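K.L.:
Sharing a structure below in structure tokens format, with a few things to ask.
Read the figures in this text as sums done on the coordinates, not as results from a lab. Predicted model only: the values in this text are computed from it and were never measured. Backbone-built Cβ (ideal geometry, glycine too); neighbour counts: all protein chains shown.
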Amino acid sequence: MFRDRVEAGDVLAGQLGHYAGRDDVLVLALPRGGVPVAARVARALGAPLDVFVVRKLGVPGHEELAMGAIASGGVQVVNEQVVGRLGLGEAVLRRVAEAEGRELTRREQRYREGRAPPDLAGRVVILVDDGLATGSTMRAAVAAARRLGPARVVVAVPTAPASTCQRLRQEADEVVCATTPRPFRAVGYSYRSFPQTSDQEVTATLRAAWG
């Protein structure tokens, strides 16, 4: 169990030490919770930090359950198991995707504050979040990042189910999961302190990294 996201980032950075000091590495945080984790990773590796905005598509009425996710660049990943099991129609998926798309645009504009998105071409991209459950959001991030031509896509998280990490290894070039609790109940159970990360904290962290 991690004390908080800062400690989780330090532990994760220790498992990514083979990327330290390289000038082709870029750490991309999945906001909001992934930002404080990724900030520690980027600092330890001596790599630049940026954000990669991805939005979960929650089942209406049960928003914590992901039926898919969307990411920058128009990428949409659907969890066919959840959609099929619940009998969700195309109209439901489209309605949720449109609403989350508006929020994705809002966050990109707020977090970037006019800065251009980073150039991923030919770089080692390390995608960081504070943890994974189904992995739908991270799968969308991997798919979106691939479209931008990186040399290598690495997924790095402090906690996730072993089965989710294994599935992601089929899509990313490398997957680093610092812990894989059994049984896995939720990401928050791996932290003693797990408050919601605010937009203000995200922008402050990014300003510090970019400044």
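K.L.:
Springs between alpha-carbon pairs under 10 angstrom, Gaussian network model over the chain: which of A178, A162, A144 fluctuates most?
P.N.:
Result for the chain, Cα springs under 10 Å: A162 fluctuates most.
K.L.:
Indicate, rounded to the nearest 5 percent, the antiparallel portion of the DSSP beta bridges found entirely in the range 67-211.
P.N.:
Antiparallel: roughly 30 percent of the beta bridges in the range 67-211.
K.L.:
If I take R0 = 25 Å and measure r between the Cβ atoms of R106 and H62 in this structure, what FRET efficiency does the formula 1/(1 + (r/R0)^6) give, to the nearest 0.05?
P.N.:
Calculated value: 0.60.
K.L.:
So, one more: Suppose only helical runs count, i.e. DSSP H with n ≥ 4. What mean residue ellipticity at 222 nm does that imply for the chain under -39500 (n - 2.57) per run, divided by all residues and rounded to the nearest 500 deg cm²/dmol?
P.N.:
For the chain, the value works out to -12000 deg cm²/dmol.
K.L.:
For the range 56-110, take the alpha-carbon Rg, divide it by the Kirkwood Rh, and send me Rg/Rh.
P.N.:
0.98
K.L.:
In whole Å, what are the extents of the range 98-208 along the principal axes defined by its C-alpha atoms, from largest to smallest?
P.N.:
43, 34, 32
K.L.:
Got the relative contact order for the range 108-211 handy, in percent, Cα pairs under 8 Å and 6 or more residues apart?
P.N.:
26 percent
K.L.:
So what is log10(I(q)/I(0)) for the range 83-151 at q = 0.23 1/Å, when the Debye sum runs over its Cα atoms only?
P.N.:
-1.24
K.L.:
In 5 Å bins starting at 0, how do the alpha-carbon pair distances of the chain split up by percent?
P.N.:
Here the calculated profile for the chain is 1, 8, 16, 20, 21, 17, 11, 4, 1, 0.
K.L.:
If you don't mind, there's one more thing I want to ask. For A121 and Q196 in the same chain, what is the full-extension length gain: residue separation times 0.36 nm, less their Cα-Cα distance, in nm?
P.N.:
So the extension gain works out to 23.8 nm.
K.L.:
Evaluate the relative contact order of the chain (contact order divided by residue number), counting alpha-carbon pairs under 8 angstrom at least 6 apart; express in whole percent.
P.N.:
Reported relative contact order: 25 percent.
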